[in-house]
Amino acid sequence: LVTRNFDALYSYNAAESYGLAIAHLSDRLRGGGPFATPWPTDDAGLSRAERRELQGLLTLRGHDIGPADGMLGDKSREAIRAEQKRLGLEANGRGGQKVLKALRGG
């Protein structure tokens, strides 16, 4: 997931679940085992519109992440980590419902 292969998958379809599913399928076809850690079901993912909203909220808080295009790249994830830390959330850089709700003020 930390290689350019995941970035290529993610650029085709900007959904973490898609990227993970395709990468995992590839690993399994090569004889790899199942996931070592279950998917985080306590923090649902974001739609593209919600990712744009999240990026807009990050920009309003002074983070230079570039245009709000709905693609959570390195700068967005770095800003998310900073905001998660500021908000007392686990600073994992994942753009999910928890951080979006917190940044909305709810």
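The values are calculated or read from the model by the stated rules, or taken from the named source; none is laboratory data. Here the structure is a predicted model, which means the values were calculated and not measured. Cβ sites come from the backbone with ideal geometry, for glycine too, and all protein chains shown count toward neighbours. Note: areas computed on protein heavy atoms with side chains; ligands, DNA, RNA excluded. Shrake-Rupley method; radii C 1.70, N 1.55, O 1.52, S 1.80 Å.
For D69, the requirement of being assigned to a loop (DSSP other than H, G, I, E, B), at pLDDT 95 or above and either aromatic (F, W, Y) or open to solvent by 30 Å² or more (accessible area, probe 1.4 Å) (or both) is not met. Just the residues that are in contact with a helix residue (DSSP H, G or I) (Cβ under 8 Å, 6 or more places away or on another chain) and open to solvent by 60 Å² or more (accessible area, probe 1.4 Å), please, taken from the range 45-55. Result: E53, single match. Does A79 satisfy the condition of being under 16 Å from A102 (Cβ atoms), modelled with pLDDT of 95 or more and either assigned to a loop (DSSP other than H, G, I, E, B) or touching a His at 6+ places or on another chain (Cβ under 7 Å) (or both)? In short, yes. Name the one entry in L29, L25, L58 that is open to solvent by less than 60 Å² (accessible area, probe 1.4 Å) and at pLDDT 80 or above. Answer to the selection: L58. From the residues in the range 73-106 that are open to solvent by less than 10 Å² (accessible area, probe 1.4 Å) and among the hydrophobic types (A, V, I, L, M, F, W, C), which one is farthest from D43 (Cα to Cα)? Among them, the one singled out is A79. Only a single item in (1) touching a Lys or Arg at 6+ places or on another chain (Cβ under 6 Å); (2) among the small types (G, A, S); (3) farther than 20 Å from N5 by Cα is not met by G93, and it is number (3). Restricting the range 1-22 to residues that are over 13 Å from the mean Cα position of the chain (by Cα) and touching a residue at least 12 places away in the same chain (Cβ under 8 Å), the residue that is surrounded by the fewest Cβ atoms within 10 Å (Cβ to Cβ) is N5.
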